[in-house]
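One structure is given here, and the rest of the page talks about it.
The values are calculated or read from the model by the stated rules, or taken from the named source; none is laboratory data. Here the structure is a predicted model, which is why all the values come from computation and not from measurement. Here the Cβ positions follow ideal geometry from the backbone for every residue, glycine too, while neighbour counts run over all protein chains shown. For accessibility, only protein heavy atoms count, side chains too; no ligands or nucleic acids. Shrake-Rupley method; radii C 1.70, N 1.55, O 1.52, S 1.80 Å.
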Amino acid sequence: MSGVLSKQFEGYAGKSSMVRKMFEAGIKLKQQYGADKVCDFSIGNPDLPPPAEVKTAMLEIAEHALEPFAFGYMPNAGFPWLREMMAAELTKEQGTTVTADDVMFSGGAAGAMNALFRCILDPGDEILVSKPYFVEYGFYVENFGGNLKTVATKPDFNLDLAALEQAIGAKTRAVMVNSPNNPTGQIYPKEDLEKLAAILRKKSAEFGRPIILISDEPYRFLAFDGAVVPSVLPLYEYSVVLGSFAKNLSLPGERIGYLVATHNMPEKEKFMSSVIMASRIIGHVNAPIVGQKLLKHVLGKQVDLAVYAERRNAMAKVLTDAGIEFTMPKGAFYFFPLAPGGDDAAFCDELTKNLVLGVQGSAFGMPGYFRLAFCHSVDVIRRSADGFKKARAAFK
Ligand SMILES: Cc1ncc(COP(=O)(O)O)c(C=O)c1O
């Protein structure tokens, strides 16, 4: 007799995310050795409190909690007044016209991505992404019978445009970029995105079907040293941006995010009504209502970026002192250093022995490196210095 699972899920059995595994290993180590002894840089779960306005907004939501329909069903794309507010905010942020009908609220950026893939993928279609990449992408693409095709980046983690162009074929439905990048912290320059747009126009014409440019931007707000994160919306008519309030407002568990399409995308109405329908029929129905009501008060606010900047410097010092090579991240809250000795799994094991948790680069499609999430206090980062030095010494 065969098992209860689909063939696909039988195959997934050993494949659950290494990030999650490390996160769970961290919880066990903390129970065993004490929370103050373990430096857990495995998961990007922001520890900063949300902006103070979130509390005021929650109190107001509570004040009206017993009114009829306070938590009622709503239009699948979100409250119409919130879509208006968001469009005004995005017009400033993205430097181009965005109107309410270009926007859909979703269950996080992840929910928006699944709805998008639901309505653009036929079985066997491909989504192209540069390595290393956020590991969940592969699962989301496979949810709808698609294949995630990966292409190497340049040594500094910038897009390898020639490699991307070569990888585009008749089955390519979209190229996805993530900037600031998880796990590398790279921010792609505008010139590269313009060149990518030109490649996509050329390839769309060649294959007789528009290829979408997806920009996954949960870390847009977090750019260091005045770095600018260019918007793809003004650069390419078939652009779709996915955003999130998980990191800028420290609300990852509330699952609130959004999708926005280029205002003048050909067939935009059909596209937006399809993505809204997709969100409904994959069971999201609408983005969480509490999160939407919160946004009324906190749209445009964010956590204190100076805290992340200080942590980035602290982590850079710890790694430098340990003799570990890395490229300084321009944005987001991750380092993606070279694994001493070259074997990322072996190095992460050695780190774990020293009660420091990182995630092997293989989990992001790039062996030989490892990822550290620096959404932890400067104290924790400094405390990890000894562990890094000892692990490094083991690979001398
Ligand atoms: C690159 C990237 N994309 C998407 C997501 C998912 O964001 P959300 O929690 O809003 O679904 C994450 C979360 O860590 C991420 O790092």
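Structure notes:
- Compared with the alpha-carbon gap, the fully stretched path from GLU267 to ASP47 is longer by 75.1 nm at 0.36 nm per residue.
- Neighbours of GLU24, meaning other residues whose beta-carbon lies under 14 angstrom from its beta-carbon, give a summed charge of +3 when Lys and Arg score +1 and Asp and Glu score -1.
- Across the chain, the fraction of Cα-Cα pairs farther apart than 40 Å, rounded to a whole number, is 16%.
- Cα centre as origin, Lys/Arg/Asp/Glu Cβ charges: the chain dipole, Debye: 660 debye
- Inter-label distance, ASP386 to SER2: 5.4 nm, where each label sits 7 Å from its Cα along the C-beta direction.
- The range 173-285: C-alpha gyration tensor shape, a/c 1.5 cut-off, then a/b vs b/c: oblate
- Ranked by the mean number of other Cβ atoms within 10 Å of their residues, highest first, the peptides 192-201, 71-80 fall in the order 192-201, 71-80.
- Cα gyration tensor shape of the range 317-375, rounded if a/c is under 1.5, else prolate or oblate by comparing a/b with b/c: rounded
- Our summary gives the range 73-298 a relative contact order of 28 percent, counting only alpha carbon pairs under 8 angstrom and 6 or more residues apart.
- Cα lying deepest toward the dipole's positive end in the chain, options ALA314, TYR73, VAL298, charges on Cβ: ALA314
- Which listed pairs, of LYS202/LYS268; LYS202/LYS330; LYS21/LYS396; LYS37/LYS389; LYS131/LYS270; LYS28/LYS353, have C-alpha distances above 22 Å, in listed order: LYS202/LYS330; LYS21/LYS396; LYS131/LYS270
- Rounded, prolate or oblate (a/c below 1.5 giving rounded, otherwise prolate when a/b exceeds b/c) for the range 1-84 by Cα gyration tensor: oblate
- Beta bridges per DSSP with both ends in the chain, % antiparallel, nearest 5: 45 percent
- Simple label model, 7 Å out from Cα along Cβ direction - LYS202 to THR99, nm: 3.4 nm
- Sequence-distant residues sharing a close amide H with LYS149 (under 5 Å, placed H): ILE127, LEU128, VAL129
- Relative contact order of the chain: 23 percent, from C-alpha pairs under 8 Å at least 6 residues apart in sequence.
- The alpha carbon convex hull volume per residue for the range 73-298 rounds to 114 Å³.
- Database remark: amide H of TYR334 closer than 5 angstrom to the amide H of PHE374 (H placed geometrically; neighbours at sequence offset of 5 or more, or on other chains; Pro and chain starts carry no H).
- Working note: Cα atoms of the range 12-147, range along each principal axis, descending, whole Å: 48, 45, 34.
- Shown are LYS353, LYS202, whose ranking by accessible area with a 1.4 Å probe and every protein chain present, most to least, is LYS353, LYS202.
- Solvent-accessible surface (1.4 angstrom probe) belonging to ASP225, in square angstrom, nearest 10: 140 Å²
- Fraction of accessible area attributable to carbon and sulfur, the range 73-298 (%, probe 1.4 Å): 52 percent
- Relative contact order %, the range 40-163, counting alpha carbon pairs below 8 Å whose residues are six or more apart: 15 percent
- Electrostatic dipole magnitude of the range 80-209 [Cβ: Lys, Arg +1; Asp, Glu -1; Cα centre; debye, to 20]: 260 debye
- Candidate residues GLU217, GLU24: accessible-area rank, largest first, probe 1.4 Å: GLU24, GLU217
- Relative packing of peptides 37-47, 3-13, 272-282 - highest average C-beta neighbours within 10 Å first: 37-47, 272-282, 3-13
- Couplings 3J(HN,Hα) for the range 237-242, derived from phi with the Karplus relation 6.51 cos²θ - 1.76 cosθ + 1.60 (θ = phi - 60°), are 6, 9, 9, 9, 9, 10 Hz, where x marks Gly and Pro.
- Residue-wise HN-Hα coupling along the range 90-97, computed from phi with Karplus coefficients 6.51, -1.76, 1.60 (Hz; x: Gly, Pro): 5, 4, 5, 5, 8, x, 7, 5
- For the chain, the per residue solvent-accessible surface stands at 44 Å², with DNA, RNA and ligands left out and a 1.4 Å probe.
- Accessible-area ranking of GLU63, GLU93, GLU267, largest first, probe 1.4 Å: GLU63, GLU267, GLU93
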